[in-house]
Each structure stands twice: as C-alpha cells, then as structure tokens.
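**Q** Below you'll find the structure I mean.
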Amino acid sequence: MAETEIHRGGVRPPADFNPRTDPPLDFPDREFGEMTPDDYAALGFMAGLEVHQQLATRGKLFCRCPAGLRTTRVDAEVLRHMRPTLSELGEYDGTALMEFKTRKEIVYLLERGTVCTYEMDDTPPFEIDREAVGIALEICRLLNLDLVTELHVMRKQYLDGSIPTGFQRTAMMGVGGVIPFRVPDLGIDRDLRIRQLSLEEDSCREVSDVGHRIVFRTDRLGVPLTETVTEPEFLTPAELQAGARLVARVARATGKVLRGPGAARQDVNVSVAGGRRIEIKGVPHHRGLPRLVHVEAFRQLNLLRIREELRRRGVTPEMLPDPPQGFAWETSPLVAEVGSLLRRCAFRPVLDAIEEGETVVAVRLPGFAGLLARRTQPGITFSRELADRVRVIACLTGQPFLVHSDLGDYGLGSGPWNQVRKALRAGAEDALVVVWGPRRDADTAAREILIRAREALDGIPAETRQAFPDGTTGFERILPGPDRMYPDTDTPPVAIPDEWVAEISARLPETPWERQARYERMGLSPRAAWELAGAPWADLYDELKPREGEIARRLADALARRIPWAYRRGRLESVIDPSRGVAARSYPYRLPSAQRLAPLVRAVEAGEIEPDALDAALAELLDRPEADAVEILDGFRKRGDEDARLDEVVAEVAARAREELPGRPVEVRLRWAMGRAMASLRGRVPAATVRERLLAALAEETA
Amino acid sequence: MSGDGKGPAPGSGAHPDDYKGYREPLLSVLKENGVTVWCIVRAKTTKGVFEGLILPRSETADPYHLVLKLGSGYNVGLRYDTIQSIEKTGYFRAEYRIPEQEFPVDPAKPRVKLFGTGGTIASRLDYRTGAVIPAFSPGELYGSVPELADICNLETEKLFGVFSENMGPEQYLVLAEKIGEAIRAGYDGIVIGHGTDTMHHTAAALSFMVQRPPVPIVMVGSQRSSDRPSSDAAQNLINATWTAAHGPIAEVMVCMFGPTSDRYNLLHRGTRVRKMHSSTRSTFRTIGDIPLAMVENGKLTPLQEGWAPRRDDREVEIHPVFEERVTIAYYYPNMHPDVIDALVEKGYRGIVLAGTGLGHVNRRLYPALERARDAGVLVFMTLQTLWGFVQMYVYETGREILGLGVIPLANMLPEVAYIKLGWALGMHPDDPEKVVELMQTPIAGEITPREPHDGYLVFQGGVPEMKEFLGRIWS
C-alpha cells in the first residue's frame, strides 16, 4: 500500500498490499474506543481517502443541464444493460466481468428539468464545463498539486449501471501535493501527502436493487465532482477522520462547492499487516468514519486468522476448483442439486423455493467445518462473506437464500443435513452451504461460493465494500484495477494555459491551515483554532473582527456553543431548498448576519458589556431573532450603578444562602450564591469580582 | 498485455512508429531524451515530476503535448516547454486484441453469412486518431458477443474497410454480387454490418439490386460504438443474426433499436427506412408506414402483412448497375435557376428534387427546368416533408411544374429516389421512357399505395397523453 517512491504514479498502480506482511494473529479483539494509537500500530493499520466533492457550477460537466438540482419526479424511464468491453491496454477488467455475470436490468428514472439525452448516452458529450475546470484548478492549487498542462478525458468503467454510458468521464488535473496537517487534539503535526485530484462526472442515485433489476435516479448524474486521493498515511481511525475534515475544508475554502447531504462523499482505503487494500465506498459523513475503519481492520485480521486455520488444516486452492461449463451440479463433485432430498425438510424458505420451481443447490467446502461461523465483524460471521457474493453476483435477494452446516441443525434439521452430506460425500471436516434460487442464478451462486471460499486461502479478496450505518460493511464489487481506464474518444484534450493558472493563483482564498494559524495568532487555543478554521461560521467570525485575546477567544467559544444550540431550537432557518437538496456556498442553515451580532462584539470591546456576558447575550440575540438587538443588548449593558448594585446583591444573596443552606460548607454555599448573583449581575460586573465579594461575605457569616 | 521491459535501445535503428503522432516541437524533445512511444519514463517538468508510459499522440491533436499514461490509468498531457528532462525506466508495448476464440460449429444450426463493410459492429481503439476502428472475424465477434453461437453457424467476410460516409455505388455493386453468391452458396440468411450514417442509402440500393431474394438480408450497425459497455452493438447484432438465421421475411431490411431502451429491435423495409437523429439509439424509423416487425430474444413479431416470405429455392435476381451522374437538389426559397443549369451543364442525367409541401419549387426555376428537360435530363419530384405524397394537382404551381416535365414520385423518400434513379439509369441507359416507368413502378415498397393512420407518428413531448405514455412505458 505504501509505495512512497511512486506516489506520483508509476506505470504499475500503487501496490495493494500492506507493507507489513506479518499479521498480528494473536492481537486481542477490541471494541472501537478501546484502542490506543499503539494498538493500531501493532495491527499495522493504515488508511487513505478518496474524497468526492460536488462543485457548485451552473451546469453539469459535459452537458448543459443544470447542476445541483434534486428531484423525485419521474417523467420517463429508460432500460439498459451493460456489457464488458476491451480496455485500452488490451484486457478485460476484473470488475467488468463480475458485473456482467450479474445480468442486471438497469432502469433509469428521468425528470425533464435535470436530464437530457447526453446523460442517457444518446448524445455525445458537449465541451467540458470551464467553470468546473476552473474550480478544480483552484482546489489543485490549494492542495499544492503539480498540475498537468493538458487534460485528457478518460473513461473509467462502471458496469453496475450507476452511469448509463457504462463509464465515468474523468480527467486527471494534478498529482503529488503536500499540505500541512496539524490537529492539536490528536497530536498531529506533519504533512499530508495528496496523491492526485481528478475532475469527473457524478453518478446516479440508486433507488432500489432487487433481484436482477436495479433502479437509478438521474438528477445527480453528470454533476461535476472532484476526487481527491490522499496517500494511505492515516495511522489511526481518528487521524483518518481528521484528514477527511481537512480535505473537505480545502474544497470549501473556495466557496464554490456544494454543501449538504450527499454533496461530499468519501471512499476509504484500509489495510492491516498481512492484508491488502479494501475500499469502502461512498461514506457520506465524517462522523461514522473511525468506527467503520476500525471494524474493517478487525474483519481483515479475522479473515487472516481464517486463512491461517485453513492452511493449518492443509486446505489448498486445488481442492476448490471452478466447475467446468454447464450447470455446476452436473459438472462439479463439490456441488449437488438437492431439491429432491429436501422436499420434506422442516425449513419453510426451502420448501417455498421448491414449490416455486427454484433450484436448491448444496456446495461442499472441504476443510471449512466451523469456519463459516467464525466472527468477522460485530454480529457477523464468515458465512456473510459468501452470502454477500451470492446476493450481489447471483442477484439472490429473497430472505433468506442460503443456510450452512456451521449453524448446526438450523434450518434443514439434522436428517436432511445428513442426506445432503451423504449426497456430496462430505466428511465431518467439511462445511456445506445450501443455496436456492432460479436455476441460472443458483448455478452462479454455487460458482461464486467456491470462488469466495478459494479466496479465503489468499486471505483478503480485493473488494470494494459498502458502508452500513452500524459501522459494518458488505461486499459491493471486486476492486477494479487501472485496466478499466481508457481514453474518451468523444472529447478532445483540453490545454490548460499558464495564464489561466496564474489568474487563479492570484486570487486564491486563505487555506484552512493559514486560517488555523491566524486564529492562533489572535489568541485562540490550538484546539479552538483548528475547530473554528473548519466551522461553517468562520466567515461570520472574521466578519465580526473581534479584538485579539480574550474577546477573540470568548467569541469563538460562544459561536461554537450557541449556533448549534440555536439550530436545535429551530431558530435558524434551513436553506436547503427542497427542490435543490443541496446548498452552495453556505451551511445548510442560515447563519445570523454580522450586522446583528457586531454591536455586541463592539460593546464588549468598549467595556460596555462584560466579556462574561458575551455568551448569554449572543444566546439571546439568536434565540429571539425577531427582537430588537439594541433592546437585548441594553439588558446586558453596565449602567453606572454597578457598585451599589453589587453591594445590594451580595448582601441579599449571602443572606439567602445562610437561610437556605444552613451549616453547609462555604464552597457549597459559594457555588449556590454565585449562580444567584450572576443571574442579575452578568455583563455588568466581572464574575471574579462577584466571587471575591461573595466569598468575603460568606466567610464573614461563618466567622 | 505484453512487455519485455527493454524495447529498442536509443539510436539503434528507430522504427517509424516510435514517435507515432508526435511532431515538432515535441519530436525533438523525445529524441534528445532518447525516448520513444511505449517507454516508461520519469518526466521532470517545471510543474513537477510525472511518471508513466508514453502513448502515441493523436494526429488531430496539437503538436505541443506529450501524452503519458500514469500508474493510476489516467492519461495526462505535458506541454513541451515545461519538460526539463525525461528519463527512461522501462518499456511496455500495448497490444489491442479482442479476445478471440474459435466460433463453434453446430451442423443443426442455420448458416449465416456476415459481410463487413467497415462500421462499428465490433471495434477497437486507434491511438493515432483517438478514434474507434473496426475489428472483425468470427472469432473476434464470438469473443465479444458469444450469444451468436447459440443462433447460427456464422461465417464472415470483410468486403471493405470504409466508414459509412465513404460507402457508394462502387461498394453497392460488390455487395450485391456477393449477396447473390452467398444466396446461391446456400446460406440461410445474410447480415451486413454497416456504419449507420448511410445505412439507409445502402439498404435502398440493395433493395433494387437484389430482387426476390429467398432469404433475409439484414443490415445492422450501432449508434454507440462497441468499445463501450452501454453499446447497442451486441443487441443489434444478436437480433439481426437471429432474423437472418430464423426470420420468415426474405427482404432487404434494417435491424436497429426500437426504443432507446435495451428492449427490442425493429425490422425496417430497406426502402422506407431513414436515420432520423444524429446520435440516439432509436434513430432508424420507418417513414410513411409502420415497421415490418419487432424482434427480441429469439422472437420475431410481424407488425405488417404482405412481406415476401422466406423460400427454399436459391433463385435471386441481381442487378448490379448504377449511373453515378444523378443528384438530389434540395429546394429552398429563392433557389436560383443556375443551380439546376450547372447540373445540366456538368452532364448530370437525372435530378431528384426535394420540393416543399406537396412538391413545389419557385417560379424562378421554371426556365432551368425547361432547359433540363430539353437537354434530356430526367427530373423527379420528392418531398422535404418526408411524410406524405407528392400531389401536384392541388395548386397551380404543381400543375405548372408538371407541365415542365417534372415527374412526381408519390411517397418515395428523396434519398431512395436518388438511389433508385441511379440504378434505373444503369438498367436502361438509353431509354428514358423505361427509366420513367421504372421510377414510377414500386419494386420494393419504395412507393406505397396508401399511408396508414399510424404511418406518421412524430410525438410531441410535454403534452399530457405523451407524459402519461412515457411515464409508464417500462413500469
């Protein structure tokens, strides 16, 4: 995985294997959150990111449809299939062949406002969108990437149907960048290497995938997207999350990218020692990333343990050959059609399948006894690896569609299991899988089960996996290689003149790390500076121009606390237009204006309101958006009678403390009294002064 | 893939392809650095370091950029004046090869002959032009469309390697002769792979040159080249081959997508079909009638009656003739008479007018039409509207034009009339009366006696009934 020498792209793709080949098989299973960075180091954990970011352009990348609209309206449908084709370098791509096996009917839902005949592959591409190229160049410059001088549009094959052409048009813009990666909380202070950035068109949104029919919406299809790939240098799940945030910040710094659900999605590459790169696709949030990669790391370790056990038992790939042509049960001793044996089994799903004329097949996996029940992910066993392949490739989606002998008598009952065992001459050391479906699908299923079992001897199959909300993953497709790229013959190369780059470079926005450093110089703690530099209200903060030092600090804290608070209370208006779904250039809700908040900051700076009161005053400004700001601020202003008022309040509160908390220690009474006193003095008298006076008054009492 | 990691040593008798597509100023940069196409290199530039494989440059692209294929599979261009040095680290020559397997033979299956003319039935990429070039042999076809082996025993013969736009009379004649030979040799059906742009011209030519064939003659192509996963090529080829092998209709037909969805193909009569959209899959439409049949997954559903049925005999009339001095004049308002005069002067023997409305041209042309008639040039009237019949009695203009000797051709399509005129003049070079008679007598459905109510269906989007139709068509 770490091909540090060739990070700018040699001819061979970056190796997919973890540089460490010694799997820590004895490493104890630990839950997420129980691991230290040293633990992850012991695992050989490493991860990299591919961040996909939609750009806020007016039009799509290769046609003149509007970009960024979202709709569920359907005006028409188109049905297509996909076939694998030859790549530029003369070979079929592995993924392509797998997708072909699935024989899917692909349905596209069309809405006239968002899609034209280009997206439906009925019209050749128009000229590439210059606005998108400009934004991508800007992001490249922010990432310090080496720019190419001529774009070549390539076709990256996707036979899953998510793009009607069967390929994604994509162009490499820059390679080999380095950005500062400084996250105080995690003790990170180093460089992050960016492998490359490409500009590509977004794919369809999947609506459903049942059996041999998959349905897609096309509104998103063709929207310009940057794909930023980091080197696989994240050494813990938390680092990975911070890296994802940093890359997202860079794109957002341009102010020209889309925000909101689905506007930024990441693919994550993970491996552990002895393992190989696994790609988890399309994770829409940063929040779930750490748990996701933690679970994946242990899945890999568990697969390596299974491999070790299979080797110990002497299982070899030759024991699991592919069935010759014809139905697998007619040509392979490892596969049998067992419908007739199971006519009287007790398992309803199998009986239903037989009744519906489906084919029931048993597959013998020599030497696999017990391994199908081995845990791979939380609540998931190795049998899921087989079932996932069958679901995706043989398109079996009925539930359940498979049982196996490691479940004990489960399902079929001991009698039928024994008959199946006899039919396949299976010994106690063998595992059995019974799978059912339409005849051709049952054949595909049996073959895939053998393929996946054989891959267990290799350890970790190269796959892309989909993320589930609980942090586990499922098989999506075989990991594609560079063979799936070939030049787009429909588009000419696009030269990038130096003048264009110079023009963009001259007006680059402040980078997230420059911003972070600037906030530190203003007196914010490193942690607060990192947080604020990535906060949606950072521009608002800058517009308020707080004075360096205490006020800068307090304003950062107050905004970080009060803006999400106000949002939760429904005081901030959502700016997600239901028809657009995503919002450009802003947070998905409307932030308060600088005009409303600036008088507060000025009043604090002028000493008219105590810094203590900034948070409370801000809260009130946000909580009562209709109320007059001047009036609200007046409530917090000092009035000149502070000394008298302080005397009054201290005397009163001290007296009440004596009555209500008789005999309690002074600290308890002080805490109680501070709360009461500050309620009427906040903003006018510094808390420290109140505290000092109260302490004196209470001490007097005690004495 | 293949690669010996070495490649030609610099300076050791370079091959002309070593710099394929590269011109100055880049050629010198490559030579100075001792690298050629297919070298794996590390290029230092003012923009940074790029490592990859040098690919050929398209000759239609500018001469300033070096094309590198990076390890990620992406191609990128590096401008010559940014390149500081190129260091060779390896060599790797790519070969284009469609996986070829021997086409299985099953004596129980019909024999089909596939003629190749160029086009994009199967294809591969050409670096030089960045374009798609055809690939063609039973083995290659079997490698990319294995379903064909379930349909028939396929034999192929590549007749030409021309793109559709370069097809013409020269090719029509060869094709007609070859079809005659194949029929007499006992093939059960004939498929012709053809580029789509002029497929309907060739279909019309074959309709006249190959008469009363006993077996189906099916023309097929693709609107999306077969190098892409979404190509319509495989479905078209499968359905065309099935039609040729098993279909009951012994006519010259075009077999292309019905709707834009991968559903069924339509069989169009060779004289009534026209390419109607520059790029969509459903581009071929029968004009002024309904298609002959639908074909899908080994099932053919006739839509029309009265087609010529398949026969067991091996008889066929082949008339491979064509007079090239014929043309189409597409009328426009204010067309000047010298356009017609120029054609007459240049020795054209026949002119097909594509007139407006029911078959009209402006008065300014009358003297030129008279001069054409007097010079013995045959002038025919067809319609720009494509749909409908020439009717020159309704308006005075029409009657006047008839008076000038212009011969109406009912609902024959302009392109079909052009092809038929060339053929008819070839049949009767010295007998204008016979030519006129032949032109006005339908031979292969080029003139139909009647237009059915559903022969003209150009639907309009947006209207409620079409919205409803499109919304539920595949649901």
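No lab work stands behind these numbers, since they all come straight from the coordinates. Quick caveat, the model's predicted, so the values are computed rather than measured. A quick note on method: Cβ atoms are made from the backbone with ideal geometry, for glycine too, and the neighbour counts reach across all protein chains shown.
**Q** Suppose the Debye formula is applied to equal point scatterers at every Cα of segment A:193-257; what is log10 I(q)/I(0) at q = 0.12, 0.16, 0.18, 0.30 Å⁻¹?
**A** Computed log10 I(q)/I(0) values: -0.49, -0.75, -0.85, -1.22.
**Q** Another question, then. Taking every alpha carbon pair in segment A:258-398, what does the distance histogram look like in 5 angstrom bins from 0, in percent?
**A** All Cα pairs, binned at 5 Å, distribute as 2, 8, 12, 15, 18, 14, 11, 9, 7, 3, 1, 0 percent.
**Q** Hey, how many Å between the Cα centroid of segment A:381-459 and the Cα centroid of segment A:161-201?
**A** Result: 40 Å between the Cα centres.
**Q** Inverting the mean 1/r over all pairs of different Cα atoms, compute the Kirkwood radius of segment A:14-310 and quote it in Å.
**A** 20.5 Å
**Q** For the charge dipole of the protein assembly as shown, defined by +1 on Lys and Arg C-beta atoms and -1 on Asp and Glu C-beta atoms about the Cα centroid, which residue among B:71, B:303, B:199 has the Cα displaced farthest towards the positive pole?
**A** B:71
**Q** Taking amide H positions as placed in the peptide plane 1.01 Å from N, state which residues far from residue B:45 in sequence (5 or more) or on other chains have amide H under 5 Å from it.
**A** B:50, B:84
**Q** Right, here's the next one. Taking 25 °C and 0.890 mPa s as the conditions, I'd like the Stokes-Einstein D for segment A:642-702 in µm²/s, using the Kirkwood hydrodynamic radius from alpha carbon pairs.
**A** Once the numbers are plugged in, D ends up at 220 µm²/s.
**Q** Rank these for me by crowding, A:358, A:642, going from fewest to most other beta carbons within 10 Å.
**A** A:642, A:358
**Q** Ok, one more. Can you give me the Cα centroid spacing of segment A:607-650 and segment B:337-393 in angstrom?
**A** Value for the Cα centre distance between the two parts: 93 Å.
**Q** Also, quick follow-up: Taking every pair of distinct Cα atoms and averaging 1/r, then inverting, what Kirkwood hydrodynamic radius in Å comes out for segment A:581-703?
**A** Final number for the Kirkwood radius of segment A:581-703 is 16.3 Å.
**Q** Per 10 Å bin, what is the whole-percent P(r) computed from every C-alpha pair distance within the protein assembly as shown?
**A** Result returned by the calculation: 2, 8, 13, 16, 17, 15, 11, 8, 5, 2, 1, 1, 0, 0.
**Q** Using +1 at the C-beta of Lys and Arg and -1 at the C-beta of Asp and Glu, which of A:255, A:27, A:62 has the Cα lying farthest in the positive direction of the dipole of chain A?
**A** Positive-end residue among those listed: A:27.
**Q** How large is the convex hull of the Cα atoms of segment B:288-360 per residue, expressed in Å³ as a whole number?
**A** About 187 Å³ per residue, rounded to a whole number.
**Q** Under a point-charge model restricted to the Cβ atoms of Lys and Arg (+1) and Asp and Glu (-1), what is the dipole moment magnitude of chain A relative to its Cα centre, in debye to the nearest 20?
**A** Once rounded to the nearest 20, the dipole reads 1040 debye.
**Q** Roughly how crowded by other chains is peptide A:152-158, in terms of the mean Cβ count from those chains within 10 Å of each of its Cβ atoms?
**A** Counting other chains' Cβ atoms within 10 Å and averaging over A:152-158 gives 4.
**Q** At q = 0.05, 0.07, 0.11 Å⁻¹, work out log10 I(q)/I(0) for chain A with the Debye formula, treating every Cα as an identical point scatterer and leaving solvent out; two decimals please.
**A** Values, matching the q order: -0.34, -0.62, -1.17.
**Q** Where Rh is the Kirkwood radius over the Cα pairs of segment B:326-439, the temperature 4 °C and the viscosity 1.567 mPa s, what D in µm²/s does Stokes-Einstein return?
**A** 94 µm²/s
**Q** Another question, if that's okay. With the cut-off at 1.5 for a/c, could you classify segment B:111-318 from its C-alpha gyration tensor as rounded, prolate or oblate?
**A** rounded
**Q** Right, next: Under unit Cβ charges (Lys, Arg +1; Asp, Glu -1), what dipole magnitude, rounded to 20 debye, does segment A:642-702 have relative to its Cα centre?
**A** Its charge dipole is roughly 280 debye.
**Q** Among the lysines, select those whose C-alpha is under 21 Å from the C-alpha of residue B:275, and discard any that sit fewer than 8 residues away in the same chain.
**A** Correct list for residue B:275: B:420.
**Q** While we're on this one: Could you point to the residue in A:603, A:685, A:509 farthest towards the positive end of chain A's charge dipole, with +1 and -1 charges on the Cβ of Lys/Arg and Asp/Glu respectively?
**A** The one lying farthest along the dipole's positive direction is A:685.
**Q** Normalised radius of gyration for segment A:508-551, please: alpha carbon Rg relative to 2.2 N^0.38 Å, two decimal places.
**A** With N residues counted in segment A:508-551, Rg over 2.2 N^0.38 Å equals 1.04.
**Q** While we're on this one: Specify whether the C-alpha gyration tensor of segment A:510-634 places it in the rounded, prolate or oblate class, a ≥ b ≥ c being the square roots of the eigenvalues: rounded for a/c under 1.5, otherwise prolate if a/b is larger than b/c and oblate if not.
**A** Oblate, because a/c is 1.5 or more while a/b does not exceed b/c.
**Q** Here's another thing I want to ask about it. Ranked from highest to lowest mean number of other Cβ atoms within 10 Å per residue, what is the order of the peptides B:431-443, A:190-202, A:330-342, B:264-276?
**A** Put in order of decreasing packing, that is B:264-276, A:190-202, A:330-342, B:431-443.
**Q** What does the highest-first list of B:354-362, B:72-80 look like by mean Cβ count within 10 Å?
**A** Packing proxy ranking, top to bottom: B:72-80, B:354-362.
**Q** Another question, then. By DSSP, what percent of the beta bridges with both residues in the protein assembly as shown are antiparallel, rounded to the nearest 5?
**A** Of the beta bridges lying entirely in the protein assembly as shown, close to 75 percent run antiparallel.
**Q** Give the average, rounded to an integer, of partner chain Cβ atoms located within 10 angstrom of each Cβ in A:195-202.
**A** Average neighbour count from other chains, rounded to a whole number: 1.
**Q** Need one value for A:487-493: mean number of C-beta atoms belonging to other chains within 10 Å of its residues' C-beta atoms.
**A** Mean partner shielding for this stretch: 6.
**Q** Where does each of B:104-111, A:541-548 land if you order them by average Cβ count within 10 Å, highest first?
**A** The peptides rank, most packed first, as A:541-548, B:104-111.
**Q** Another one. With a ≥ b ≥ c the root eigenvalues of the C-alpha gyration tensor of segment B:16-91, is it rounded (a/c under 1.5), prolate (a/b larger than b/c) or oblate?
**A** rounded
**Q** Report the Cα centroid-to-centroid distance between segment B:404-475 and segment B:38-68 in angstrom, as an integer.
**A** Cα centroid to Cα centroid, the span is 53 Å.
**Q** Would you mind calculating the relative contact order of chain B from Cα pairs under 8 angstrom and at least 6 residues apart, reporting the percent as a whole number?
**A** 10 percent
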